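Undergrad: The following block contains the structure, expressed as structure tokens.
The values are calculated or read from the model by the stated rules, or taken from the named source; none is laboratory data. A quick note: this is a predicted structure, and the numbers were derived from the prediction, not measured. Note that we place each Cβ from the backbone using ideal geometry, even for glycine, and neighbour counts take in every protein chain shown.
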Amino acid sequence: MGTSKHSDPAFLTILLQDEIGGLQVLHDDQWVNINPISGGLVVNIGDFLQATSNDKLKSVQHRVLTNHVGPRVSVACFFKGETSKSYGPIKELVSDENPPLYKDFSINEYHGKFFSQGLDEKSGLEHFKL
């Protein structure tokens, strides 16, 4: 099984993938293979870091392709923060010239929207844009 295009509902995702691979990221409207490096980790910026940085950092759109080599095994660790705390653009990153792009939201609120829509190729941040 693979996954369709999506970004992660987290601040950061750290991924250890096996030698089979299959992970791709969207870069300049092109899918790029992230070839596994033995013992290497992949670190993805997630939606929460994009929102708190007011789009200074962008969450990575990625997908996983299946192949005929064998089963793909990977281990992902999602850094999410406190579920009931409110998150939004960091105040020092907003100004009259750079207004906030997102309203504050809790991780529970975000997860409610994200998991109700499934991996439909839309960012969960769309629900929280101002």
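Rundown of residues vs (1) on the phi > 0 side of the Ramachandran plot; (2) loosely packed, with under 12 Cβ neighbours inside 10 Å; (3) not in a loop (DSSP other than H, G, I, E, B), yes/no style:
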{"position": "32", "(1), (2), (3)": "no, no, yes"}
{"position": "38", "(1), (2), (3)": "no, yes, no"}
{"position": "51", "(1), (2), (3)": "no, no, yes"}
{"position": "54", "(1), (2), (3)": "yes, no, no"}
{"position": "58", "(1), (2), (3)": "no, no, no"}
{"position": "63", "(1), (2), (3)": "no, no, yes"}
{"position": "70", "(1), (2), (3)": "yes, yes, no"}
{"position": "96", "(1), (2), (3)": "no, yes, no"}
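Undergrad: Looking only at region 4-21, how many residues end up being small (Gly, Ala, Ser) and surrounded by fewer than 15 Cβ atoms within 10 Å (Cβ to Cβ)? It would help to see each step written out before you state the result.
TA: Start the filter on region 4-21 by keeping residues that are small (Gly, Ala, Ser), which leaves 4, 7, 10, 21.
Restricting the remaining residues to those that are surrounded by fewer than 15 Cβ atoms within 10 Å (Cβ to Cβ) gives 4.
The number of residues fulfilling the criteria is 1.
Undergrad: Can you tell me which condition residue 89 does not meet? The list is (1) touching a Pro at 6+ places or on another chain (Cβ under 7 Å); (2) over 20 Å from residue 6 (Cα atoms); (3) in contact (Cβ under 8 Å) with a residue 40 or more places away in the chain, and all the others hold.
TA: Failed condition: (3).
Undergrad: I'd like the full set of residues that are within 28 Å of residue 106 (Cβ to Cβ), touching a Ser or Thr at 6+ places or on another chain (Cβ under 8 Å) and not hydroxyl-bearing (Ser, Thr, Tyr), limited to region 7-26.
TA: Correct list: 8, 11, 15.
Undergrad: Kindly indicate whether any position in region 100-123 is surrounded by 12 or more Cβ atoms within 10 Å (Cβ to Cβ), closer than 24 Å to residue 23 by Cα, in contact with a helix residue (DSSP H, G or I) (Cβ under 8 Å, 6 or more places away or on another chain) and basic (Lys, Arg).
TA: No, the conditions are met nowhere in region 100-123.
Each row is one residue, and each column tells you yes or no for (1) among the aliphatic types (A, V, I, L, M); (2) under 19 Å from residue 115 (Cβ atoms); (3) out of contact with any helix residue (DSSP H, G or I) (no Cβ under 7 Å at 6 or more places or on another chain); (4) touching a residue at least 60 places away in the same chain (Cβ under 8 Å).
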position: 32; (1), (2), (3), (4): yes, no, yes, no
position: 44; (1), (2), (3), (4): no, yes, yes, no
position: 75; (1), (2), (3), (4): yes, no, yes, yes
position: 96; (1), (2), (3), (4): no, no, yes, no
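Undergrad: Just one of (1) out of contact with any His (no Cβ under 8 Å at 6 or more places or on another chain); (2) modelled with pLDDT of 90 or more trips up residue 115, so point out which.
TA: (2)
Undergrad: Given the condition small (Gly, Ala, Ser), touching a residue at least 60 places away in the same chain (Cβ under 8 Å) and not in a loop (DSSP other than H, G, I, E, B), answer yes or no: does some residue in region 5-28 qualify?
TA: Within region 5-28 (the criterion being small (Gly, Ala, Ser), touching a residue at least 60 places away in the same chain (Cβ under 8 Å) and not in a loop (DSSP other than H, G, I, E, B)), the answer is no, since none of the residues qualifies.
Undergrad: Here's another thing I want to ask about it. What is the number of the single condition among (1) modelled with pLDDT of 95 or more; (2) exposed (fewer than 15 other Cβ atoms within 10 Å of the Cβ); (3) of a type outside the set (Lys, Arg); (4) touching a strand residue (DSSP E or B) at 6+ places or on another chain (Cβ under 6 Å) that residue 75 does not meet?
TA: Here residue 75 meets the rest and fails (1).
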